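A quick write-up on the structure given underneath.
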Amino acid sequence: MKHALVAARLRYGVLALTLSLAGYAQAQQPVKIGFITTLSTPAGYIGEDERDGFLLAVKEEGGKLGGIPVSVQVEDDALKPASGKQIADKMLQDGVKLFTGINFSNVLLAVAPSVISAGGTYVSNNPGPSNFAGKGCHPNFFGAGFQNDSMSDTVGMAANDMGIKKAVIMVPSYQAGRDAAAGFKRTFKGEILGEIYTKLDQSDFSVELARIRTLNPDALFQFHPGGTGINLVKQFANSGLSEKIKMITPIYSMDERMLAAVGQAGKGFYMSSLWSNDLDNEPNKQFVDSFTKTYQRIPTAQAAQSYDTAKLIASALKAVDGDIVGKADDFRDALRKADFDSVRGDFKFGPNHFPIQNWYLLQTVDDGKGGLTYKNVDVIAKGHTDIYASECAM
């Protein structure tokens, strides 16, 4: 009887040890992160910067975020909503529950509902469509970049301060473009002479520029990221309009890579931005130095936002020991707290999971070396949030 009891205890001990080791092994499995972004098309460089900013944070932790091993699965959506959704659905089938990376609102609007309905979490590093900011807000959606209207309502504020009385709006006809137009119109106190809506992949703007010449505004407010924006700026300068009309834009219409591509055609632009590489805080100094040394180029705002997004996710992964499924509510609570040092300085989430943050006025000026750089002119808005937050019932 005694021998049987000892044997039973030994078997129990072995079983307990086996279960413990199995649990430990399971806990050490990397958390899968689906990083879907635009890596091809003329806007592909933006996706590259977003990917590189995110992966820099992972690299700095030796393949971890918040001390938790992660596996970042990067895929190209080719700026096609259907492709993005197809990739996300496949990732969901493979057990991915945490997503980020998308650069364009139209792709995000195709992907995020699938992620959310499957119980996953989407943390947007860049676009913040109004669809998720107000009545359509959701506990599983976080906008770690900005709410789309914020990049343009701040331009409207800056235009007022600059004494601009008449403006023309020109934006692409998709969600972020419409949000940008709405934001500018909401805050600009002058006269809107016309609204021009272009194609997302448009390359020739001769017809639109001819119309702008006829309207004769003080300023052109435009939002055209990536390759379309590069073409527009060059054509705007070649038309001679840049000598008569101020160009006022969000930073995403004249980021660092665009500025290098357009040369002197980009001189004198005024931009609203949530970040600049000369922001005087230690996390930002370290980020700019690390990114520049690692990739041999200066980071864009999109890269900075992606780096921040990785740091945000790291803070939440650490809080739940990497268990984003069993502790899903705790994981969301940890994201909500935004307990990380942002390269943007002060950063927190509003009630709709979109940022409350500062926006700055930048101007493109000569860098003294034959090129252009950004001059941080002023703070447009401190602790700025979006107008949709009050409609969110979370």
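The values are calculated or read from the model by the stated rules, or taken from the named source; none is laboratory data. Just so it is clear, the structure is predicted and the values come from calculations on it, not from any experiment. Glycine also receives a Cβ, built like all others from the backbone with ideal geometry; neighbour counts cover every protein chain displayed.
I'd like to check something: does segment 52-64 contain any residue that is among the hydrophobic types (A, V, I, L, M, F, W, C), over 21 Å from Phe287 (Cβ atoms) and in a helix (DSSP H, G or I)? Within segment 52-64 (the criterion being among the hydrophobic types (A, V, I, L, M, F, W, C), over 21 Å from Phe287 (Cβ atoms) and in a helix (DSSP H, G or I)), the answer is no, since none of the residues qualifies. Scanning segment 122-164 for residues that are crowded, with 24+ Cβ neighbours inside 10 Å and hydroxyl-bearing (Ser, Thr, Tyr) turns up Tyr122, Ser124, Ser150, Ser152, Thr154. Kindly check whether there is at least one residue in segment 202-211 that is surrounded by 15 or more Cβ atoms within 10 Å (Cβ to Cβ), small (Gly, Ala, Ser) and either at pLDDT 95 or above or within 22 Å of the chain's Cα centre (by Cα) (or both). No, the conditions are met nowhere in segment 202-211.
Just checking, does segment 348-355 include any residue being modelled with pLDDT of 95 or more, under 30 Å from Lys135 (Cβ atoms) and of a type in the set (A, V, I, L, M, F, W, C)? Checked segment 348-355: at least one residue is modelled with pLDDT of 95 or more, under 30 Å from Lys135 (Cβ atoms) and of a type in the set (A, V, I, L, M, F, W, C). Evaluated against (1) touching a strand residue (DSSP E or B) at 6+ places or on another chain (Cβ under 9 Å); (2) at pLDDT below 95; (3) surrounded by fewer than 19 Cβ atoms within 10 Å (Cβ to Cβ), Glu256 falls short on exactly one condition, (3). I want to confirm something. Restricting to segment 103-121 and keeping residues that are small (Gly, Ala, Ser) and surrounded by fewer than 21 Cβ atoms within 10 Å (Cβ to Cβ), which single residue is nearest to the chain's Cα centre (by Cα)? The selected residue is Ala110. Scanning segment 94-121 for residues that are hydrophobic (A, V, I, L, M, F, W, C), part of a loop (DSSP other than H, G, I, E, B) and over 16 Å from Ser83 (Cβ atoms) yields Val96, Ala118. Look at (1) in contact with a strand residue (DSSP E or B) (Cβ under 9 Å, 6 or more places away or on another chain); (2) outside the structural domain of Lys189 (by TED's automatic domain parsing); (3) within 30 Å of Ser390 (Cβ to Cβ) and you find that Gly156 fails only one, number (2). Check Gly371 against each of (1) farther than 24 Å from Cys137 by Cα; (2) among the small types (Gly, Ala, Ser); (3) at pLDDT 95 or above and name the one condition it does not meet. Looking at each condition in turn, Gly371 falls short on (3). Ala167 satisfies every condition listed in (1) crowded, with 24+ Cβ neighbours inside 10 Å; (2) within 30 Å of Ala310 (Cβ to Cβ) except (2).
Taking the conditions (1) surrounded by 24 or more Cβ atoms within 10 Å (Cβ to Cβ); (2) assigned to a helix (DSSP H, G or I); (3) without any contact (Cβ under 8 Å) to a residue 40 or more places away in the chain in turn, Lys90 satisfies each one other than (1).
Please tell me if Ile164 is β-branched (Val, Ile, Thr) and either without any contact (Cβ under 8 Å) to a residue 60 or more places away in the chain or under 21 Å from Leu108 (Cβ atoms) (or both). No; evaluated as a whole, the condition is false for this residue.
Of all the numbered requirements in (1) at pLDDT below 95; (2) assigned to a loop (DSSP other than H, G, I, E, B), Leu79 misses one, and that requirement is (1). Looking only at segment 65-75, which residues are surrounded by fewer than 19 Cβ atoms within 10 Å (Cβ to Cβ) and not in a loop (DSSP other than H, G, I, E, B)? Once the filter is applied, which keeps residues that are surrounded by fewer than 19 Cβ atoms within 10 Å (Cβ to Cβ) and not in a loop (DSSP other than H, G, I, E, B), segment 65-75 yields Pro69, Ser71, Gln73, Val74, Glu75. The helices (runs of 4 or more DSSP H) falling completely within segment 227-344 that include 1 or more residues that are in contact with a Ser or Thr (Cβ under 7 Å, 6 or more places away or on another chain) and free of Cβ contacts under 8 Å to residues at least 24 places away in the same chain map to 328-337. How about segment 274-313: which of its residues are more than 14 Å from the chain's Cα centre (by Cα) and aromatic (Phe, Trp, Tyr)? Those that are more than 14 Å from the chain's Cα centre (by Cα) and aromatic (Phe, Trp, Tyr): Phe287, Phe291, Tyr295. Taking every residue in segment 116-139 that is more than 18 Å from Ile356 (Cα to Cα) and pairing it with any residue that is modelled with pLDDT of 95 or more and part of a loop (DSSP other than H, G, I, E, B), at least 6 positions away or on another chain, the pairs with Cβ-Cβ distances below 6 Å are Ile116/His138; Ile116/Asn140; Gly120/Lys97; Thr121/Asn140.
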